[in-house]
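J.: One structure is given below, represented as structure tokens, and several questions about it will come after.
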Amino acid sequence: MHAEVQNLFVRIHLLYLAQNQDLTVSDALPLLEERGYRVGEREIKQELEHLTQENFLTAHGDQWSLTGTGIEEFKEIIAVFGRVSEELLASDKKTSTA
């Protein structure tokens, strides 16, 4: 997966993970690796900082937590993913039956 695309998916996953608990880089790393991402601590920290600059997360010490803006953004992401996944799966079915 192209680095820019992976970074976007990592950010989305970080928002998802932050819904349940405050995040640290060391906690997020194995969770992202389990999902197939090839990332290191430096990349995760960069993405957490990016989400903080966007006001989706707030930093306190070495932990990050979801903000109200982050909750609303994640809700919008879920809605878009629903539409996109329907389109992609429909397209995949057409391709595999052709």
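No value in this document is a laboratory result; all are computed from the given coordinates. Keep in mind it's a predicted model, so treat the numbers as computed, not measured. All Cβ positions, even for glycine, are placed from backbone atoms using ideal geometry, and neighbour counts span all protein chains on display.
J.: Could you tell me which of 80, 68, 8 has its Cα farthest along the dipole of the chain towards the positive end, charges placed at Cβ (Lys, Arg +1; Asp, Glu -1), taken about the Cα centre?
T.: About the Cα centre, the residue reaching furthest to the positive side is 80.
J.: Continuing with the same structure: Could you order peptides 77-86, 39-48 by the average number of other Cβ atoms within 10 Å of their residues, highest first?
T.: The packing order, highest mean first, is 39-48, 77-86.
J.: Still on this structure, please answer the following. Please say if region 46-92 is rounded, prolate or oblate, where rounded means a/c under 1.5 for a ≥ b ≥ c the square roots of the C-alpha gyration tensor eigenvalues, and otherwise the choice is prolate for a/b larger than b/c and oblate otherwise?
T.: Cα axes put region 46-92 in the prolate bin.
J.: Right, here's the next one. Please give the length that would be gained between residue 72 and residue 50 if that part of the chain were fully extended, namely 0.36 nm times their separation in residues minus their C-alpha to C-alpha distance (nm, one decimal).
T.: Extra length from residue 72 to residue 50 when fully extended: 6.2 nm.
J.: Nearest 20 debye, what's the magnitude of the dipole of the chain about its Cα centre given +1 on Lys and Arg Cβ and -1 on Asp and Glu Cβ? Can you show the working numbers first?
T.: Numbers: 9 positive and 17 negative charges, 74 e Å.
So the magnitude is around 360 debye.
J.: Let me ask you something else. Summing +1 for each Lys or Arg and -1 for each Asp or Glu, what net charge is found among the other residues whose Cβ lies under 11 Å from the Cβ of residue 25?
T.: Net charge around residue 25: -4.
J.: How big is the convex hull of the Cα atoms of the chain, per residue, in Å³?
T.: Dividing the Cα hull volume of the chain by its residues yields 107 Å³.
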